[in-house]
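*Asks:* Have a look at the structure that comes next, please.
The values are calculated or read from the model by the stated rules, or taken from the named source; none is laboratory data. What you are looking at is a predicted structure, and each value in this text was computed from that prediction instead of being measured. Note that we place each Cβ from the backbone using ideal geometry, even for glycine, and neighbour counts take in every protein chain shown.
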């Protein structure tokens with residue numbers, strides 16, 4: 001071949017030249033960052049110091065430099081460093097076309113991470129392995145899982161929402177739950193949980209927090225948020241306190257509009273900010289900033305806290321001395337997108353001081369807008385580079401410098417351990433709250449000629465509570481819809497005439513608590529009539545605030561709040577009714593003048609000895 005023929009004058013230099021090219025080729029091959037181990041090739045065991053993992057993420061972020069971080073950082077283009085500050089959404093139940101769109105964002109832009117939503121555990125694990133294999137830099141995998149992975153995935157464990165946990169006095173149980181959530185996260189190859197909710201819910205009309213908060217008392221909320229946070233972080237999962245600077249006193253849902261918080265700095269310091277101050281003191285690794293307009297902190301028109309430099313940098317970073325990662329709330333929410341276009345919103349969020357942009361409307365548009373902002377001087381490449389290094393330092397601290405694919409074998413079994421069921425039982429037994437017990441109707445004992453009926457409103461079939469009650473006494477079970485008609489309620493009232501005691505269970509539309517239980521006027525009238533006519537023990541398996549949806553409920557002979565229709569909550573309620581279990585819960589919120597924060601009849605010993 002002609003191109004291999006060299007001029008005689010070149011031949012003496014040919015062999016040294018070829019040797020030099022070979023050495024350069026080997027050196028270049030050593031800079032490949034795929035599979036997330038650039039240091040293995042770039043640094044021999046003889047000339048680089050092994051990574052000593054700092055005790056906390058905060059320590060890792062204060063000095064975001066290591067051989068691995070430096071090597072990965074240098075391999076990234078300026079545009080890819082911007083993309084490392086972005087976490088995009090992913091579902092495992094939307095099919096191949098959707099999955100291909102996620103893959104395109106990973107491969108083309110090198111985004112920094114993924115937040116998973118609905119789907120299944122095996123499907124998610126397979127997708128995680130696939131996405132990680134395609135990424136040149138390992139992906140942070142996050143989930144918004146306040147009640148554990150079961151909040152998003154089928155076939156997995158769901159723990160209680162925070163209002164139910166707020167009824168528990170022993171915060172060690174909440175730590176235990178946090179530790180188990182962490183184990184399930186790690187088994188699914190995840191690193192960040194956007195929890196706990198550190199908001200103080202002191203507004204019964206709050207449409208977005210409510211049952212997601214631990215309650216209305218700042219000390220209780222703080223102690224329980226701290227227990228949940230430490231349970232996760234001390235077991236290797238990054239916790240994220242949200243929604244800074246406090247979303248508990250609003251009647252607007254920031255998913256759909258921009259809430260306005262009118263309070264002064266003094267009020268915020270003494271209440272809303274208190275849990276965040278304490279969590280920062282005890283080492284929370286990250287905080288999520290909410291989309292709320294707070295004129296007393298930033299008077300700029302329609303500017304949500306996420307895009308406010310006085311709030312993110314001035315208050316959170318400078319005044320409160322927070323040095324961890326700062327995440328925006330989802331950038332797709334109307335609380336930010338109503339007034340700021342995609343691209344502009346992300347630029348302003350970074351200018352405000354956030355580190356990571358979560359769940360963007362448009363990744364390429366955001367990257368382009370940030371590049372323009374750098375040219376314009378609104379942002380600097382140095383600022384982007386520091387944020388990128390902090391993200392990479394977090395990845396290394398979370399173990400992504402030694403990434404391993406998720407093992408699929410026994411995944412379902414590992415995500416449904418016996419200890420999780422035991423923990424759920426203990427949490428339920430500690431939270432169910434007895435609000436009133438007139439004439440000591442509880443414990444309910446079988447008496448000759450006393451006829452007992454159970455009525456489950458909102459159930460579709462015999463409930464766990466009804467099956468449990470049948471184990472203690474002979475009962476007749478009835479089920480009626482939340483949307484019952486007058487004809488149906490009239491029929492049931494007629495059937496109940498021959499019964500002396502009614503165990504009346506009120507269920508909402510799903511296993512989650514609800515802000516509106518959706519009862520028809522006829523169903524509400526039925527509840528009131530039963531309570532009026534019978535010796536009624538009423539059990540609410542929903543949001544404690546829902547007591548207000550049932551006029552006359554205070555006339556019940558006994559009233560129990562079980563917070564959610566979880567299996568163990570229904571079992572615990574039955575055990576309390578029949579005296580096999582002591583009531584230990586206390587109301588975490590003030591519902592009305594009859595039922596206030598801290599209420600709950602509690603005894604040190606079971607009313608009747610267990611069998």
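*Asks:* So residue 109 clears everything in (1) surrounded by fewer than 24 Cβ atoms within 10 Å (Cβ to Cβ); (2) closer than 24 Å to residue 350 by Cβ; (3) touching a residue at least 60 places away in the same chain (Cβ under 8 Å); (4) within 17 Å of the chain's Cα centre (by Cα) except one condition, right? Which one?
*Replies:* The number of the failed condition is (4).
*Asks:* Follow-up. Out of (1) buried (at least 17 other Cβ atoms within 10 Å of the Cβ); (2) in contact (Cβ under 8 Å) with a residue 40 or more places away in the chain, what's the single condition that is false for residue 282?
*Replies:* The single condition residue 282 does not satisfy is (1).
*Asks:* Looking at the range 132-145 only, could you name the residues that are in contact with a helix residue (DSSP H, G or I) (Cβ under 7 Å, 6 or more places away or on another chain) and crowded, with 21+ Cβ neighbours inside 10 Å? Walk me through how you get there before you give the answer.
*Replies:* Taking the range 132-145 and keeping what is in contact with a helix residue (DSSP H, G or I) (Cβ under 7 Å, 6 or more places away or on another chain), we get 134-141, 143, 145.
If the condition is that a residue be in contact with a helix residue (DSSP H, G or I) (Cβ under 7 Å, 6 or more places away or on another chain) and crowded, with 21+ Cβ neighbours inside 10 Å, then 135, 137, 138, 139, 140, 141, 143, 145 are the ones that fit.
*Asks:* While we're here: When you scan the range 206-217, do you find a residue that is assigned by TED's automatic domain parsing to the domain that holds residue 320, part of a helix (DSSP H, G or I) and over 17 Å from residue 166 (Cα atoms), even just one? Talk me through it step by step, then tell me what you get.
*Replies:* Applying the first criterion (assigned by TED's automatic domain parsing to the domain that holds residue 320) to the range 206-217 yields 206-217.
Imposing the further condition that a residue be part of a helix (DSSP H, G or I) reduces the set to 210-212.
Narrowing the set further to residues that are over 17 Å from residue 166 (Cα atoms) leaves none.
No, because not a single residue in the range 206-217 is assigned by TED's automatic domain parsing to the domain that holds residue 320, part of a helix (DSSP H, G or I) and over 17 Å from residue 166 (Cα atoms).
*Asks:* Might you let me know whether the range 498-509 holds any residue that is surrounded by fewer than 23 Cβ atoms within 10 Å (Cβ to Cβ), more than 15 Å from residue 468 (Cβ to Cβ), out of contact with any helix residue (DSSP H, G or I) (no Cβ under 8 Å at 6 or more places or on another chain) and without any contact (Cβ under 8 Å) to a residue 12 or more places away in the chain?
*Replies:* No - not one qualifying residue is present in the range 498-509.
*Asks:* Identify, please: which residue in the range 187-200 is assigned to a loop (DSSP other than H, G, I, E, B) and out of contact with any strand residue (DSSP E or B) (no Cβ under 7 Å at 6 or more places or on another chain) and is, among those, surrounded by the fewest Cβ atoms within 10 Å (Cβ to Cβ)?
*Replies:* Ranking the qualifying residues of the range 187-200, first place goes to 188.
*Asks:* Still on this structure: Check 366, 349 and return the single one that is under 21 Å from residue 276 (Cβ atoms), crowded, with 24+ Cβ neighbours inside 10 Å and in contact (Cβ under 8 Å) with a residue 24 or more places away in the chain.
*Replies:* 349
*Asks:* A further question on this structure: I need a count of the residues in the range 472-489 that are exposed (fewer than 15 other Cβ atoms within 10 Å of the Cβ), in contact with a helix residue (DSSP H, G or I) (Cβ under 8 Å, 6 or more places away or on another chain) and not in a loop (DSSP other than H, G, I, E, B). Spell out how you get there, then give the answer.
*Replies:* To start, the set of residues in the range 472-489 that are exposed (fewer than 15 other Cβ atoms within 10 Å of the Cβ) comprises 474, 483, 485-487.
Narrowing the set further to residues that are in contact with a helix residue (DSSP H, G or I) (Cβ under 8 Å, 6 or more places away or on another chain) leaves 483, 485-486.
Those still in the list that are not in a loop (DSSP other than H, G, I, E, B) too: 486.
Residues meeting the conditions: 1.
*Asks:* Let me ask something additional. Evaluate the range 393-400: report whether one residue or more is surrounded by fewer than 20 Cβ atoms within 10 Å (Cβ to Cβ) and either at pLDDT 95 or above or closer than 28 Å to residue 285 by Cα (or both).
*Replies:* For the range 393-400, residues surrounded by fewer than 20 Cβ atoms within 10 Å (Cβ to Cβ) and either at pLDDT 95 or above or closer than 28 Å to residue 285 by Cα (or both): present.
*Asks:* Turning to a different aspect of this structure: Provide a single number: the residues in the range 527-538 that are in contact with a strand residue (DSSP E or B) (Cβ under 7 Å, 6 or more places away or on another chain) and part of a helix (DSSP H, G or I).
*Replies:* Qualifying residue count, the range 527-538: 3.
*Asks:* Okay, next question. Look at residue 334 and say whether it is over 23 Å from the mean Cα position of the chain (by Cα) and farther than 26 Å from residue 229 by Cβ.
*Replies:* The answer is no for residue 334.
*Asks:* Would you confirm, using the coordinates I've provided, whether residue 166 is crowded, with 24+ Cβ neighbours inside 10 Å, in contact with a helix residue (DSSP H, G or I) (Cβ under 8 Å, 6 or more places away or on another chain), modelled with pLDDT of 95 or more and on the phi > 0 side of the Ramachandran plot?
*Replies:* When the stated conditions are applied, residue 166 does not pass them.
*Asks:* Within the range 41-139, which helices (runs of 4 or more DSSP H) (wholly inside it) include 3 or more residues that are within 26 Å of residue 342 (Cα to Cα) and either outside the structural domain of residue 149 (by TED's automatic domain parsing) or in contact with a strand residue (DSSP E or B) (Cβ under 9 Å, 6 or more places away or on another chain) (or both)?
*Replies:* 95-109
*Asks:* Say whether the condition of being closer than 23 Å to residue 105 by Cβ, assigned by TED's automatic domain parsing to the domain that holds residue 386 and free of Cβ contacts under 8 Å to residues at least 40 places away in the same chain is met by at least one residue in the range 354-362.
*Replies:* yes
*Asks:* In addition: Looking at the range 380-390, can you tell me whether even one residue there is without any contact (Cβ under 8 Å) to a residue 24 or more places away in the chain, within 18 Å of residue 132 (Cα to Cα) and in contact with a helix residue (DSSP H, G or I) (Cβ under 9 Å, 6 or more places away or on another chain)?
*Replies:* Just the residues of the range 380-390 that are without any contact (Cβ under 8 Å) to a residue 24 or more places away in the chain, to begin with: 380, 382.
Now drop any that are not within 18 Å of residue 132 (Cα to Cα), which leaves none.
Scanning the range 380-390, I find no residue that is without any contact (Cβ under 8 Å) to a residue 24 or more places away in the chain, within 18 Å of residue 132 (Cα to Cα) and in contact with a helix residue (DSSP H, G or I) (Cβ under 9 Å, 6 or more places away or on another chain), so the answer is no.
*Asks:* Just to verify a result, which residue in the range 349-363, among those that are part of a loop (DSSP other than H, G, I, E, B) and on the phi < 0 side of the Ramachandran plot, is modelled with the lowest pLDDT?
*Replies:* Filtering the range 349-363 down to residues part of a loop (DSSP other than H, G, I, E, B) leaves 353-355, 359-362.
From what is left, the residues that are on the phi < 0 side of the Ramachandran plot are 354-355, 360-362.
On the way: 354: 98, 355: 98, 360: 96, 361: 93, 362: 96.
Within the range 349-363, the match that is modelled with the lowest pLDDT is 361.
*Asks:* Still on this structure, I have one more. Do we find that residue 494 is farther than 19 Å from residue 479 by Cβ, not in a loop (DSSP other than H, G, I, E, B) and not assigned by TED's automatic domain parsing to the domain that holds residue 210 in this structure?
*Replies:* Answer is no for this residue.
*Asks:* Just to check your reading of the model, which residue among 203, 171 is touching a helix residue (DSSP H, G or I) at 6+ places or on another chain (Cβ under 6 Å), surrounded by fewer than 20 Cβ atoms within 10 Å (Cβ to Cβ) and touching a residue at least 24 places away in the same chain (Cβ under 8 Å)? Please lay out each step first, then the result.
*Replies:* Details: 203 fails: touching a helix residue (DSSP H, G or I) at 6+ places or on another chain (Cβ under 6 Å).
Step by step, each of 203, 171 is checked, and only 171 is touching a helix residue (DSSP H, G or I) at 6+ places or on another chain (Cβ under 6 Å), surrounded by fewer than 20 Cβ atoms within 10 Å (Cβ to Cβ) and touching a residue at least 24 places away in the same chain (Cβ under 8 Å).
*Asks:* Separate question: Go through (1) under 19 Å from residue 460 (Cα atoms); (2) more than 25 Å from the chain's Cα centre (by Cα) and name the single condition residue 537 misses.
*Replies:* The single condition residue 537 does not satisfy is (1).
*Asks:* Scanning for something over 30 Å from residue 181 (Cα atoms) and in a helix (DSSP H, G or I), does the range 439-462 turn up at least one residue?
*Replies:* yes
*Asks:* Sort out for me the helices (runs of 4 or more DSSP H) sitting completely within the range 257-345 that have 1 or more residues that are touching a strand residue (DSSP E or B) at 6+ places or on another chain (Cβ under 7 Å).
*Replies:* 274-281
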